[in-house]
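Peer 1: Take a look at this one; I'll ask things after.
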Amino acid sequence: MSPSPNTNNKASVLKWLPWILLLLVLAAFIWLFMSTKTTSEATWEPPRTPPAEQQASAPVADTPAPISSYHNAVARASQSVVNIYTTQTMAEHPYMNDPVLRRFFEFHGGPSQDQGSTNLGSGVIVSEDGYIVTNAHVIEKADEITVAFNDGRKSRAKIIGTDPDSDLAVIKVDMTGLTPLGFREDPIRVGDLALAIGNPFGVGQTVTQGIISATGRTGLGVNKFEDFIQTDAAINPGNSGGALVDAHGELVGINTVIFSRSGGSMGIGFAIPTALVEQVMNALIKDGKVSRGWLGIEIQSQLRDPTQLETSTGVEVLNVIDQSPAAKSGLRVGDIILTIDGVEMTDANTLIQYVARKPPNTELNAQILRQGKNAQVKIILEERPVQEPTPRPVIIHDETLGGSGQPYLPDEEVPMMSEAERDRMREELLKLFE
């Protein structure tokens, strides 16, 4: 008896069942693997930066945003900057006593009376009761001073005191309730923003922007005591005595002089720093003058033969004035001043500035080098003698202008005619009147 078809079919299914189950298991594993991979890819994130690294690489939180306007600083400072107008009565030229010359000039409408010369500049209010700081050359020889304020008011001013050595002066108006300009307390840095406020060319209050280009500039030949701030903020004639302020509207210097080939701004202007301004201002308000210590020596920074000395720094004494504090202390020509009170004297300007900041009767301890040997000298300062004021430039020209390299005075007087020239002119004029 042969097997039935059903029996054969069952045998066939049983034969392939293990393989079918194996395939199903493999398919399940493959499906499970693919599902896990897909989920993993969908939730993957980049590695997170550790907190320390993240803090180091993140922008500094206190970095200020770029400033689009300095209106607030200007508004704060401009109300404390004034325009100064001065008048000086010019005496009649002595040649006008000659009747022929007088007749000629009067015929042509020339001056027959004393004439007035006007000047302009700027100033900074430093107290509520009317004290104003400006440059000494702005008010020099002025017979009348008029101050114009930012709000349109005007007032006559009187001179409280001048200090030609620093080119600073204090004047006063009989007004109260004024807004003084605050002085910056933090040291300025090269690269800091600078705003110059003044009255250039008499056009009215003007603001220009730049940066602090350098500090401690000396050797300009403008003032006896020089420690200028250099800026590229545009400064022009009329800005003298005006304010140089920072981004917060605080005073950092008094604009004084420019370097120029054209008479206008070339981006090289100089201002007196507030440290010196404050010292001179307080002395002028209190005493009407500035009392400075005095040594009584002539010095130079460069040593005559530094190769023969043990030091490459110091200040050499070229001359000792008789009966001066230096002479009384025993300083001699040829001595090298190395330190004073432990402060290294790196150049002549360092020594000049150091002594100038000390009041008279101050005792200084100087370490010197004399004929190759170290020595100590004690010097008691005396009051610096009053110096005759000399014309000072407000514009410095270089050697390409005229070849002399000397400062140019824009208001320098024209030289008077010689007597021979006067006589020749007189003869020619007499011919005209014959």
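Peer 1: Among the numbered conditions (1) closer than 20 Å to Asp165 by Cβ; (2) modelled with pLDDT under 65, tell me where Thr350 comes up short.
Peer 2: With respect to (1) closer than 20 Å to Asp165 by Cβ; (2) modelled with pLDDT under 65, Thr350 is out only on (2).
Peer 1: Let me ask something else about it. Filter the strands (runs of 3 or more DSSP E) completely within the range 263-335 down to those with at least 2 residues that are at pLDDT 85 or above and over 30 Å from Ala194 (Cβ atoms).
Peer 2: 297-300, 315-320
Peer 1: Let me ask another. Out of the range 210-256, which residues are polar (S, T, N, Q) and in a strand (DSSP E or B)?
Peer 2: Ser213, Thr215, Gln230, Thr231, Asn255, Thr256 - these are the residues of the range 210-256 that are polar (S, T, N, Q) and in a strand (DSSP E or B).
Peer 1: Filter the range 211-229 for residues that are modelled with pLDDT of 90 or more and surrounded by 20 or more Cβ atoms within 10 Å (Cβ to Cβ) and give the result.
Peer 2: Of everything in the range 211-229, those that are modelled with pLDDT of 90 or more and surrounded by 20 or more Cβ atoms within 10 Å (Cβ to Cβ) turn out to be Ile212, Phe228, Ile229.
Peer 1: Determine, yes or no, whether Glu45 is of a type in the set (D, E, K, R), in a loop (DSSP other than H, G, I, E, B), at pLDDT below 75 and surrounded by 10 or more Cβ atoms within 10 Å (Cβ to Cβ).
Peer 2: Considered against the rule, which asks whether it is of a type in the set (D, E, K, R), in a loop (DSSP other than H, G, I, E, B), at pLDDT below 75 and surrounded by 10 or more Cβ atoms within 10 Å (Cβ to Cβ), Glu45 comes out as no.
Peer 1: Now for a separate question. Please work out if Thr134 is touching a strand residue (DSSP E or B) at 6+ places or on another chain (Cβ under 7 Å) and modelled with pLDDT under 90.
Peer 2: When the stated conditions are applied, Thr134 does not pass them.
Peer 1: Then there is this: When you check Leu168 against the structure, is it touching a Phe, Trp or Tyr at 6+ places or on another chain (Cβ under 7 Å) and touching a residue at least 60 places away in the same chain (Cβ under 8 Å), yes or no?
Peer 2: When the stated conditions are applied, Leu168 does not pass them.
Peer 1: Identify the single condition in (1) assigned to a loop (DSSP other than H, G, I, E, B); (2) in contact (Cβ under 8 Å) with a residue 40 or more places away in the chain; (3) of a type in the set (Val, Ile, Thr) that Val190 does not satisfy, given that it satisfies every other one.
Peer 2: If we test Val190 against (1) assigned to a loop (DSSP other than H, G, I, E, B); (2) in contact (Cβ under 8 Å) with a residue 40 or more places away in the chain; (3) of a type in the set (Val, Ile, Thr), just (2) comes out false.
The values are calculated or read from the model by the stated rules, or taken from the named source; none is laboratory data. For clarity, every value in this text was computed on a predicted model and none was experimentally measured. Note: ideal-geometry Cβ built from the backbone for every residue, glycine included; neighbour counts use all protein chains shown.
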